[in-house]
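The values are calculated or read from the model by the stated rules, or taken from the named source; none is laboratory data. Keep in mind that this is a model prediction, so the values were computed, not measured. With ideal geometry, Cβ positions are generated from the backbone for all residues, glycine too; neighbour counts draw on all protein chains shown.
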Amino acid sequence: MTLAMSPKLKAAGLTLLAVLLWGFAPVGTRYLVGNTHAALSPLPFIALRYLLASICFVPVLWGELRRWPRQELLFGALCGLVGVTGYNLLNVSGSRTVTAGMAGLLNGVEPLLIVLLLALQRRRLPSRATMLAGIVGLLGIGLLALSAGPAVGDVKGILFILGGAGFWAVYCVLAVPLLQRRGTVAITAITVIAGTVPLLAAGGGGLPEIITRMSLGQWEIVSALSLTTVIAILAWNKGSAALGAEQSGWFLYLLPVVGAAGGTILLGEPLTLTEFSGGGLIMLSVFLSQRK
């Protein structure tokens, strides 16, 4: 292994860590807001989750506010509105009626959306290697979908999840130049706090009710989700700054693989040969994407 490869390998490891944490998050979210589980109100839940996460970044933001040009602060806030507010409002709303496994499958479209957005931005078609990796990844997603069983979400919920995936793809493209100029911790602080403010406006009114209603076990899940949110966003932003939007985006194909593994490990769901094959194709697509 050459020293020149070390930064890329480190960035890939951080990106993979973020995806692993995000891959298990839908299980906790579905349990807390799902109609057949705890059935907490989704907007107050996501507001509480990000309020706890944003508290960690307040000291960082206080220092950055006095050093940044106003234009970059506004652009960082815009990234937060897209990636934190837009994604989470739609995703948590869809999680009321869409199972965690199906949410993972739907989020699998994010890498292709990133590729399409970058193609529009660059005004040129993706390379053959990119298209090959995309086709292999789609085949893997298709095999996982075949094993998803009967309907696992209504049309409205599915559209919400897909809309959230679109917001996250836009964030991935917008945020990279700013991450490379200003650094991971600062950008994460600004985007998380800016994105949390509208979440509090949308769900803050219901916070007293769910805070008093939640059991100790539910508080533990919310706290764990908040902590993983902080770690995952920091890891993703660091990896994305080094790899770029396209190469880091391919790792999002692993979300349904992690979801399937989470179902097997945490819920005792059987892992079928079709799911195993689909996961293998997805991992191959990520491997191909990183060899460019």
Problem - Boolean, V82 is at pLDDT below 85, closer than 20 Å to A175 by Cα and among the β-branched types (V, I, T) - result: no
Handout entry: Test: V58 is closer than 12 Å to T191 by Cα and either touching a Cys at 6+ places or on another chain (Cβ under 9 Å) or modelled with pLDDT of 80 or more (or both)
Key = yes
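Would you mind finding the one in R213, R182 that is among the charged types (D, E, K, R) and buried (at least 17 other Cβ atoms within 10 Å of the Cβ)? So that I can check it myself, show each step before the final result.
Numbers: R213 fails: buried (at least 17 other Cβ atoms within 10 Å of the Cβ).
The match here is R182.
Does the stretch 158-180 hold any residues that are within 27 Å of R66 (Cα to Cα), touching a residue at least 12 places away in the same chain (Cβ under 8 Å) and not hydrophobic (A, V, I, L, M, F, W, C), and which are they?
Going residue by residue through the stretch 158-180, those that are within 27 Å of R66 (Cα to Cα) are 171-180.
Applying the additional criterion that residues be touching a residue at least 12 places away in the same chain (Cβ under 8 Å) yields 171-176, 178-180.
Correct list: Y171, Q180.
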Handout entry: Test: residue in the stretch 231-242 that is buried (at least 18 other Cβ atoms within 10 Å of the Cβ), modelled with pLDDT of 90 or more and out of contact with any Ser or Thr (no Cβ under 8 Å at 6 or more places or on another chain)
Key = yes
Fill in the blank from the handout: Taking the stretch 55-105 and keeping residues under 18 Å from R182 (Cβ atoms) and of a type in the set (S, T, N, Q) leaves Q71
Exercise for the section: Of the numbered conditions (1) closer than 27 Å to G83 by Cβ; (2) at pLDDT below 75, F160 fails exactly one; give the number of that condition. Expected result: (2)
Practice task
Go through (1) at pLDDT 70 or above; (2) within 30 Å of V176 (Cα to Cα) one by one and return the number of the condition A261 breaks.
Solution key: (1)
Fill in the blank from the handout: In the stretch 11-50, anything basic (K, R) and at pLDDT 90 or above is listed as R49
Problem - Criterion (within 21 Å of the chain's Cα centre (by Cα), among the β-branched types (V, I, T), surrounded by fewer than 21 Cβ atoms within 10 Å (Cβ to Cβ) and farther than 30 Å from L74 by Cα) met by exactly one of I158, I135 - result: I158
Handout entry: Members of the stretch 83-123 that are under 18 Å from S248 (Cα atoms) and part of a loop (DSSP other than H, G, I, E, B)
Key = G108, V109
